[in-house]
Structures are given as structure tokens and as C-alpha cells.
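**Q** Quick one: the structure is below, questions incoming.
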Amino acid sequence: MIQNIKCEKLYSCLNELSEDERRLIFAIYFENKTENEVACFLHTTQQNINKKKRRILCKLNKLLKPQ
């Protein structure tokens, strides 16, 4: 039950991300793509993808914290 609530909260927070942010997170964590694969697809560098990923994860962390 608690696990379901956590999953629902996570998906709710994912919906609050922009389309680009959500696409990056889904590619890395749900489609198991590497940062290099995502970088090649988006025509950017792995370092740029890593920075974006860290910013998005911080944003998700803030959204997931109880208010």
C-alpha cells in the first residue's frame, strides 16, 4: 500500500516536469539509456546531459518532500 502511494506521488511529480525534462528522465531511468546515448540523440554532450539530469533530480527531490 505504501509503495503504491509512493509510486503515485512519483508519477504525479514527473507530470510536473517539462516535456524535455520528463523525456530525459524516462530515457535514462525507464528505457535504461546511457547519458552518452541520450547525448548523441539530442546532439549535445554527455556532460550537458549529466548536468540536466542532476538539476531535474534535485527538482524531483524537492517536489517529493512532504510540505
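The values are calculated or read from the model by the stated rules, or taken from the named source; none is laboratory data. Keep in mind the model is a prediction, meaning the values are calculated, not measured. Don't worry about glycine lacking a Cβ; one is built from the backbone with ideal geometry, like all the others, and counts go over all protein chains shown. What goes into the accessible areas is simple: the full protein's heavy atoms, side chains included, and nothing from ligands, DNA or RNA. Shrake-Rupley method; radii C 1.70, N 1.55, O 1.52, S 1.80 Å.
**Q** Starting from the Cα-Cα distance between Lys65 and Ser12, subtract it from 0.36 nm times their residue separation and give me the gain in nm to one decimal.
**A** On the way: separation 53, 0.36 × 53 = 19.08 nm, distance 1.28 nm.
Computed gain between Lys65 and Ser12 is 17.8 nm.
**Q** In terms of solvent-accessible area of protein heavy atoms at a 1.4 angstrom probe, what is the ranking of Cys40, Cys7, highest value first?
**A** The ranking, largest first, comes out as Cys40, Cys7.
**Q** Points 7 angstrom from Cα along the Cβ direction at Asn32 and Thr44: gap in nanometres?
**A** Computed distance between label sites Asn32 and Thr44 equals 2.5 nm.
**Q** Let me ask something else about it. Taking +1 at the Cβ of each Lys and Arg and -1 at the Cβ of each Asp and Glu, which of Cys13, Thr45, Ile25 sits farthest along the dipole of the chain towards its positive end, judged by Cα position relative to the Cα centre?
**A** Value: Cys13.
**Q** What is the local net charge at Leu63, summed over the other residues whose Cβ is closer than 11 Å to its Cβ (Lys, Arg +1; Asp, Glu -1)?
**A** +3
**Q** Under the √(5λ) rule applied to the eigenvalues of the Cα gyration tensor, what semi-axes describe the equivalent ellipsoid of segment 8-67? Give them in Å, descending.
**A** Numbers: eigenvalues 97, 26, 15 Å².
They are 22, 11, 9 Å, listed from largest to smallest.
**Q** Could I ask something else about it? Test of understanding: given the chain, find the longest segment containing no GluC sites (Glu not before Pro) that are in a DSSP loop and have at most 15 other Cβ atoms within 10 Å.
**A** Excluding the exposed sites themselves, the longest stretch runs over 32-67.
**Q** How do Lys9, Lys51 rank by accessible surface area computed with a 1.4 Å probe, from largest to smallest?
**A** The ordering from most to least exposed comes out as Lys51, Lys9.
**Q** Any idea what the dipole of the chain comes to, in debye rounded to 20, about its Cα centre with Lys/Arg Cβ at +1 and Asp/Glu Cβ at -1?
**A** 360 debye
**Q** On the full set of protein chains, 1.4 Å probe, figure out the accessible area of Lys53 and give it in Å² to the nearest 10.
**A** Estimated to the nearest 10 Å², Lys53 gives 30 Å².
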